[in-house]
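The values are calculated or read from the model by the stated rules, or taken from the named source; none is laboratory data. Nothing here was measured: the structure is a model prediction, and the numbers come from that model. Note that we place each Cβ from the backbone using ideal geometry, even for glycine, and neighbour counts take in every protein chain shown. Quick note on the areas: whole protein, heavy atoms, side chains included, nothing else; ligands and nucleic acids left out. Shrake-Rupley method; radii C 1.70, N 1.55, O 1.52, S 1.80 Å.
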Amino acid sequence: MKDVSFGQYYPVSSFVHRVDPRLKILFLIAYIVAIFLANNFYALGACALVLVLTIAFSHVPVRKVFRAVRGILFLVVFTAAINVLFNASEEVYWAGPAVYWKWKIFSVTQAGIVFSAFLVIRLVLLVTFSSMLTYTTTPVALTDGLESLLTPLKWIRFPVHALALIMSLALRMIPILMDETERIRDAQKARGAAMDEGNLIKRVKAMIPVLIPLLLSAFRRADELGEAMESRCYMGGKKRTKYKKLRFTWRDLIAFLLIAALVTGVVLLRVYVGAFL
Amino acid sequence: MNPFPLRGLPLKGAARGRPPIITIKTMQITAEHLTYVYNPGSPFAVKALDDVSLTIEEGEFFGIIGHTGSGKSTFVKHLNGLIRLPSSQKHYKKPKAKKGQPAPVEPSLKVGEFDLADRKTDFRALRKKVGMVFQYPEAQLFAETVFDDVAFGLKNFEKDLKAEEIEAAVKAATEIVGLDYAAVKDVSPFDLSGGQRRRAAIAGVIVTKPEILVLDEPAAGLDPLGKKEIMELLHRLHRDWCRTIVIVSHDMDEIAENCTRAAVFSEGKLVCALPPKELFLKSEELLSLGLDIPLTAKLCAALAKRGVSVGCDFTVDGFVRAVLGAKGEKR
Ligand SMILES: Nc1ncnc2c1ncn2[C@@H]1O[C@H](COP(=O)(O)OP(=O)(O)OP(=O)(O)O)[C@@H](O)[C@H]1O
Ligand SMILES: [Mg+2]
């Protein structure tokens, strides 16, 4: 494993780690809704405050959290630039000219700056909060939570359990396949393969000696896993009990109150303060 | 008789009354204070190597033993630069000495003329000289035919070889590993049997005639006959192909029988590096490290309990000679 940081579980014990995974998923949804309901900077500030609290009580180093943002840096810069350049609205938000610069269809306006600042903050909050979910929840807990939340779909005969199993197996396989990739890469590098040199075509070609063995081993693993499950009489979802039962605790209540306060606050700010201030 | 007599160090040869073998030592491996941490600074941090200093002479058949997780693979991956020393990486900052303390020792590693602590070292040239066979090497096979797979490394290292030269080298490599060149060259490597696949993979490493060949548990997962054949192959290679062989192994009989010296690793530290003859005198210590001892050592211990002490070099041959000698004395 070269880089265990992006979107992967960070194994420490903390308040946030111990919140029920079902609630964490719901909170993430609530938070996303709050971000998109927030239409002024006070409301965004409130969202940011909740994020800061989450990070503070998660014991995940801030450095790690920033790394998740770095992954979308290009996207952020790109959207910000597009929004600044193509917004021709002449609304005024502060003293000064409404349009700073104009050339053909491009312009820099006050509205453009405000809009793109808004967008950037939203994006960063969104990605950071989502990565907090994966930093503080093991993949197993995550799929357990998801399965539990999707239970209602069982009424329409949707194979929720199978879906959850597929997800958890896929998640489980990621680090294994990463290790395997590393091993095969090492073996081919030892045979003089140049992995990160040359132009795009050369690089893609250099991938073949890694990809083929990797695919073969993935298929073999899948086969073996299927056999192992069958030989232990795995029969799918019916009447299966859980090793770890999910239970609500006082932590869940506190977290719930915080998120509920956030959503209420954002809605109130939206109604009484209005857009952009 | 052992068809492959031990290739002792020059000194040993002289000591045994044979003419000393004169060698110019060019591909010596010298590691000093080698330390390596996986995922430093994270909760996953593992100190896999801890201040290892070790010299492997050219011409040795060098064994590395140790409990699982003791850092053997990590050590051998340093030898061809798959794991880089900190000082050979970009953005390297020299650690500063704290006040009142001696300056921290920098790890260093030299393989022949290559200084692996130096960023400017040509790692590809190094890898040509230091071949590496990983555990389960058959996992690296990928090409459509055995020929293409074996030729892969050769073409990587030497860009302007003629077709005949490539063919000659591939033929030689497949034959020395014990495959029938004409029969396998156009076959898919995935159609070979397990043992054949491993041989093909080894051929794909040795095809460039590396001066040092490193093997990480080359006999893992093979049946006893397969193991024996691999060891015979290694002796063949040591005799005619690669000057130095470094082998990681869990099989103590193998080590006792074949190696000039063996290093013992434990929790990332080097415990000792001794010829098997001296190493297996320390049975107690090895057992306490969770390691096995060769059958000959067990037999010696059992005999000692019965009051018969036989001193031997722990090869099967040496043991038999020692026992016969002891018996003769009694008569
Ligand atoms: N890629 C990696 N990432 C993180 N930790 C690793 C990695 N590779 C090895 N380790 C850890 O480093 C330590 C030494 O591993 P290493 O593979 O060198 O041991 P080994 O002596 O070769 O063991 P074995 O006999 O099982 O092959 C182990 O604790 C292992 O868990
Ligand atoms: Mg190993």
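Couple of notes before you dig in:
- Count of region B:46-61 residues which are of a type outside the set (Ser, Thr, Tyr) and either within 16 Å of ligand 2 (Cβ to nearest atom) or over 18 Å from B:Leu213 (Cβ atoms) (or both): 7
- Among residues of region B:206-226, those that are more than 14 Å from the chain's Cα centre (by Cα) and crowded, with 19+ Cβ neighbours inside 10 Å, counted: 2
- Residue count for region B:48-74, restricted to those that are out of contact with any Leu (no Cβ under 9 Å at 6 or more places or on another chain) and surrounded by fewer than 16 Cβ atoms within 10 Å (Cβ to Cβ): 3
- Meets criteria (over 19 Å from B:Trp241 (Cα atoms), out of contact with any Cys (no Cβ under 7 Å at 6 or more places or on another chain) and open to solvent by 40 Å² or more (accessible area, probe 1.4 Å)) for B:Asp180: no
- So B:Gly71, is it of a type outside the set (D, E, K, R) and near ligand 1 (Cβ under 6 Å from one of its atoms): yes
- If you filter region B:78-102 down to residues that are within 14 Å of chain A (Cβ to nearest Cβ) and free of Cβ contacts under 8 Å to residues at least 40 places away in the same chain, you find that the one that is nearest to ligand 2 (Cβ to nearest atom) is B:Arg84.
- Subset of region A:133-177 (residues that are without any contact (Cβ under 8 Å) to a residue 24 or more places away in the chain, touching a helix residue (DSSP H, G or I) at 6+ places or on another chain (Cβ under 6 Å) and surrounded by 14 or more Cβ atoms within 10 Å (Cβ to Cβ)): A:Glu147, A:Leu150, A:Ala164
- Among residues of region A:28-80, those that are in contact (Cβ under 8 Å) with a residue 24 or more places away in the chain and under 14 Å from A:Val120 (Cβ atoms), counted: 12
- The residues of region B:27-45 that are aromatic (Phe, Trp, Tyr) and either within 16 Å of ligand 2 (Cβ to nearest atom) or not in a loop (DSSP other than H, G, I, E, B) (or both), listed by number, are B:Tyr36, B:Tyr38.
- Those residues of region B:123-157 which are within 7 Å of chain A (Cβ to nearest Cβ) and basic (Lys, Arg), in sequence order: B:Arg124, B:Arg127, B:Lys128
- Within region B:159-178, the set of residues being touching a helix residue (DSSP H, G or I) at 6+ places or on another chain (Cβ under 8 Å) and modelled with pLDDT under 90 comprises B:Leu161 only.
- Filter result for B:Ala125 (part of a helix (DSSP H, G or I), within 30 Å of B:Val184 (Cα to Cα), open to solvent by 20 Å² or more (accessible area, probe 1.4 Å) and within 16 Å of ligand 2 (Cβ to nearest atom)): no
Table: residues versus (1) at pLDDT 85 or above; (2) basic (Lys, Arg); (3) under 28 Å from the mean Cα position of the chain (by Cα).
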| residue | (1), (2), (3) |
| --- | --- |
| A:Arg172 | no, yes, yes |
| A:Ile176 | yes, no, yes |
| A:Lys189 | yes, yes, no |
| A:Leu200 | no, no, no |
| A:Leu214 | yes, no, yes |
| A:Arg221 | yes, yes, yes |
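- Selection status of B:Ala117, part of a loop (DSSP other than H, G, I, E, B), under 20 Å from B:Val52 (Cβ atoms) and open to solvent by less than 60 Å² (accessible area, probe 1.4 Å): yes
- Among the residues of region A:178-193, those identified as open to solvent by 30 Å² or more (accessible area, probe 1.4 Å) and free of Cβ contacts under 8 Å to residues at least 60 places away in the same chain are A:Thr181, A:Arg183, A:Arg185, A:Lys189.
- From A:Ser148, A:Ser131, residue being touching a Gly at 6+ places or on another chain (Cβ under 8 Å), in a helix (DSSP H, G or I) and over 28 Å from B:Ala139 (Cβ atoms): A:Ser131
- Of all residues making up region B:214-234, the number that are hydrophobic (A, V, I, L, M, F, W, C), closer than 30 Å to B:Lys159 by Cα and away from chain A (no Cβ under 11 Å): 3
- Applying the condition of being within 15 Å of ligand 1 (Cβ to nearest atom) and open to solvent by 10 Å² or more (accessible area, probe 1.4 Å) to region B:75-96 and asking which residue is nearest to the chain's Cα centre (by Cα) yields B:Lys77.
- Flag if B:Lys110 is touching a strand residue (DSSP E or B) at 6+ places or on another chain (Cβ under 9 Å), modelled with pLDDT of 85 or more and either in a helix (DSSP H, G or I) or within 16 Å of ligand 1 (Cβ to nearest atom) (or both): no
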